[in-house]
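Following: one structure in structure tokens, then a few remarks.
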Amino acid sequence: MFEDKISSNDSEGAFNEFVEDQIDELIEGILRDGQLENMAGRGSDVIVEVEGIEPPRFMHGDESGEGQGQGGAGPGSGSDKIRFSLPFQFLMERLAKKLNLPNLRKEGEGKIHAYSYEHKTFGPVGVVLDRRRTFKRALKTSIALGDYRPADGVYEIKIRRKDRRYKQFETIEKPKYKAVVFYMSDISYSTYGERIELEKKMVGFIQNWLDFNYGPNNVEHRFFVHDSKAHEVVESDFYNVGNAGGTRAAPVFDLVSSIAVSEYDPNNVNFYGFYFGDGELFEDDPKEIMQIMSDRMRPFFNRLGVVEVMPSSYSNLVKKLKARYANDPIVRLSEIKKSEQLIQVIKNLFKEVHAQY
């Protein structure tokens, strides 16, 4: 007879129902306050710290249910803090579900194929134990047999042979799709401070979301800035380029559209473009941008997003573009004035929209 403790600080430990409540609170905080920085770096796991949880203790028993053991003190008993790693994949799945974000549409042939072994079914025999499903079945059985009685302070959960569930693996062949993302930013004098911080959070989420959908090795992220002229920069310089005078945004759209068709095959690459600026442009600039988007970008881009960050009464880009793209499935327009609106902007950029033509 031995004890098998399934710890909630396991990197896959989201199966613990008490810890899941804490995870839900973390995600609700991200959604409520727009604190996207809680996601940490791109593709990295999130370290979660939970206080006051004593994980249940699990006992192996035979088919008859015999076996002795002491239950843990139970949840909420004032124990020490637990720190565990929340997998990036799990967090993004939860966020996508909460935000009702659809899986991104992948175009092209996907000529490169990747082979992987994935568990599609589960059974009572096997080699790799599915701890989450085993836990849930064991919990149900222990409740039914009276071993787990929280009302009486008894938190004993016995894992019986019939409760065990194993992962059944099969070979999966999937096409690997390549995505290229163009981030465009206004670095004129009027763009600084809180505008840049809001932009950083949005770009960080977009990077994570696209990496999550395509796989981080299948996404190329490229960065462009403009004042009256447009330039490509490395990611580390995207937010550190010195502000300059004058603003014309059309050159950056022109540069990105040219690079897309000259350096990539539109038939086998998925293009995404996102522009961030205050929207204060010269009168003819929005018209020129609209022409470039309509003729040279929209026909083969999966998504084009234009976001006015902390717009003023002089901002006119989104206003002008709405005349043509008010409810467009490819072009998404949005405005943001404070951090609490970040989540709504993300939803506007990626939610499904059906064209009305």
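Specify the residue that is nearest to R303 (Cα to Cα); the eligible residues are those in segment 107-124 that are modelled with pLDDT under 70 and assigned to a loop (DSSP other than H, G, I, E, B). Looking at residues that are modelled with pLDDT under 70 and assigned to a loop (DSSP other than H, G, I, E, B), I get E107. Residues that are among the aromatic types (F, W, Y) number at least 1 in the following helices (runs of 4 or more DSSP H) confined to segment 240-357: 250-263, 317-325, 342-350. Within segment 303-357, the set of residues being under 11 Å from D278 (Cα atoms), out of contact with any Gly (no Cβ under 7 Å at 6 or more places or on another chain) and of a type in the set (D, E) comprises E335 only.
Looking only at segment 267-295, residues that are over 26 Å from E220 (Cβ atoms) and among the aromatic types (F, W, Y) come to 1 in all.
When every residue of segment 338-345 is checked against the conditions, none turns out to be more than 20 Å from the chain's Cα centre (by Cα) and hydroxyl-bearing (S, T, Y).
The values are calculated or read from the model by the stated rules, or taken from the named source; none is laboratory data. Predicted model, so just to flag it, every value in this text is computed and none were measured. Using ideal geometry, Cβ is built from the backbone for each residue, glycine included, and neighbour counts are taken over all protein chains shown.
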